[in-house]
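Here the structure comes first, spelled out in structure tokens, and everything after it is commentary.
The values are calculated or read from the model by the stated rules, or taken from the named source; none is laboratory data. Since the model is a prediction, treat every value here as computed from it, not as a measurement. Cβ placement follows ideal geometry from the backbone for every residue including glycine, while neighbour counts extend to all protein chains displayed. All accessible areas refer to the heavy atoms of the entire protein, side chains included, with ligands and DNA or RNA removed. Shrake-Rupley method; radii C 1.70, N 1.55, O 1.52, S 1.80 Å.
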Amino acid sequence: MTDHVHDLNAVREATDRLLTAAGTLDNAAVAQASRLPGWTRGHVLTHLARNADALVNVLEGRPMYASAEARDADIDNGAPRELTVQLDDLRSAAARFLDTANAPADWNRTVTLRNGVTDAAANVPFRRLIEVELHHVDLGIGYELEDLPAGFTTREIGFLADRFSGNADVPTLRLVSTDGGTWTSGRTEGEPLTVTGTTPALLGWLAGRRNGAELETGGAPLPVLPAL
């Protein structure tokens, strides 16, 4: 059963780590490329702020974003802002999310996210944690997949394995971590392809952050996963 209180504490801690690290940058660094194609660090920081606001909408029963076009425009328009403005915006948006998520609520209710995806409200804090942790890595400022809390990495692998489960475009997979842990994913029929590696390497491949060169497949080609 999801412990949303635990996850909210983890979100707070991860956000503090990110804000502290980003606070060491300058305006020139914010304008430089992030690790996400086509996005500067300013795009990443702006997205994190707007995602916090979007998840407030979700928890309060409103559409996550007005539209896909409005979401993209908000990120593009906010990306060029100077560092102090970016950090103030992200700090305020993160606080709004935590204030909303800490209010008494029915955490068993179903909420609607982007593209009609539904989930239990109790899972929203972990979804926010994913955004904060992975996008901290995407900033390219010294925080790597290997630096992620081990419990988060293991849980996110399970989350992504479930997300690809039953996908006809993903072969039957058996994911084996050399640090401990096994997951299944992809199609449900046929002999599974075993993919072995460290938990950071498996997460990097599943999340589209690494090409899988560190993983072992027994000589078989590593499949290309659909975009998340």
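On a 0 to 90 degree scale, rounded to 10, what angle separates helix 124-138 from the longest Cα axis of the chain?
90 degrees
Along the stretch 168-181, what does the Karplus equation 6.51 cos²θ - 1.76 cosθ + 1.60 (θ = phi - 60°) give for ³J(HN,Hα), rounded to whole Hz, x for Gly and Pro?
Values, residue by residue: 5, 8, 10, x, 4, 10, 10, 9, 10, 8, 5, 8, x, x Hz.
How much of the accessible area of the chain, probe 1.4 Å, is carbon plus sulfur, in whole percent?
Values: 5540 of 10960 Å².
Result for the chain: 51 percent of the exposed heavy-atom area is carbon or sulfur.
Using a probe radius of 1.4 Å on heavy atoms only, what accessible surface per residue do you get for the stretch 25-125? Whole Å² is fine. Present the calculation step by step, with values, prior to reporting the outcome.
On the way: 4950 Å² over 101 residues.
Per-residue value: 49 Å².
Rank-order 102-108, 33-39, 132-138 by packing density, defined as the average count of other C-beta atoms within 10 Å over each peptide's residues, highest first.
So the peptides 102-108, 33-39, 132-138, ranked by packing, come out 132-138, 33-39, 102-108.
Compute the FRET efficiency between ASP88 and ARG163 as 1/(1 + (r/R0)^6), taking r as their Cβ-Cβ distance and R0 = 41 Å, and round to the nearest 0.05.
Approximately 0.80, to the nearest 0.05.
Projected onto the charge dipole of the chain (+1 at Lys/Arg Cβ, -1 at Asp/Glu Cβ, origin at the Cα centre), which of ALA68, ILE157, TRP107 gives the Cα projection farthest towards the positive end?
Comparing the listed Cα positions along the dipole, ALA68 ranks first.
Could you tell me how far the Cα centroid of the stretch 162-194 sits from the Cα centroid of the stretch 36-95, in Å?
33 Å
Using a 1.4 Å probe, what is the accessible area per residue for the stretch 160-228, in Å²?
52 Å²
Taking R0 as 30 Å, what FRET efficiency do you get between ALA70 and GLU146 from their Cβ-Cβ distance, rounded to the nearest 0.05?
E between ALA70 and GLU146, to the nearest 0.05, is 0.25.
Enter the angle in degrees (range 0 to 90, nearest 10) between the Cα long axis of helix 83-101 and the first principal axis of the Cα atoms of the chain, meaning the one along which they spread out most.
Taking the Cα atoms of the chain, the angle to 83-101 is about 70 degrees.
Once you charge only the Cβ atoms, +1 for Lys and Arg and -1 for Asp and Glu, what is the size of the charge dipole of the chain about its Cα centre, to the nearest 20 debye?
260 debye
Based on alpha-carbon centroids, what's the gap between the stretch 107-127 and the stretch 195-228 in Å, whole number please?
Between the Cα centres of the stretch 107-127 and the stretch 195-228 lies a distance of 27 Å.
If you fit an axis through the alpha-carbon atoms of helix 4-22 and take the longest principal axis of the Cα set of the chain, what angle between them do you get, 0 to 90°, nearest 10?
On a 0 to 90 degree scale, this one is about 70.
Could you point to the label whose value was computed as P(r) over Cα pairs in 5 Å bins from 0, in percent for the structure here, given [x] 1, 6, 12, 15, 16, 14, 10, 6, 4, 3, 2, 3, 3, 2, 2, 1, 1, 0, 0; [y] 1, 6, 14, 17, 18, 17, 14, 9, 4, 1, 0; [z] 1, 7, 14, 17, 16, 13, 10, 10, 7, 4, 1, 0?
Given [x] 1, 6, 12, 15, 16, 14, 10, 6, 4, 3, 2, 3, 3, 2, 2, 1, 1, 0, 0; [y] 1, 6, 14, 17, 18, 17, 14, 9, 4, 1, 0; [z] 1, 7, 14, 17, 16, 13, 10, 10, 7, 4, 1, 0, the structure-derived one carries the label [y].
How large is ³J(HN,Hα) for each residue in the stretch 193-199, as worked out from phi by the Karplus curve 6.51 cos²θ - 1.76 cosθ + 1.60 (θ = phi - 60°), to whole Hz, x for Gly and Pro?
Coupling constants for the stretch 193-199: 8, 8, 10, 10, x, 5, 4 Hz.
Using a 1.4 angstrom probe and counting only protein chains, how large is the accessible area of ASP3 in Å², to 10?
Counting only protein heavy atoms, the figure is 80 Å².
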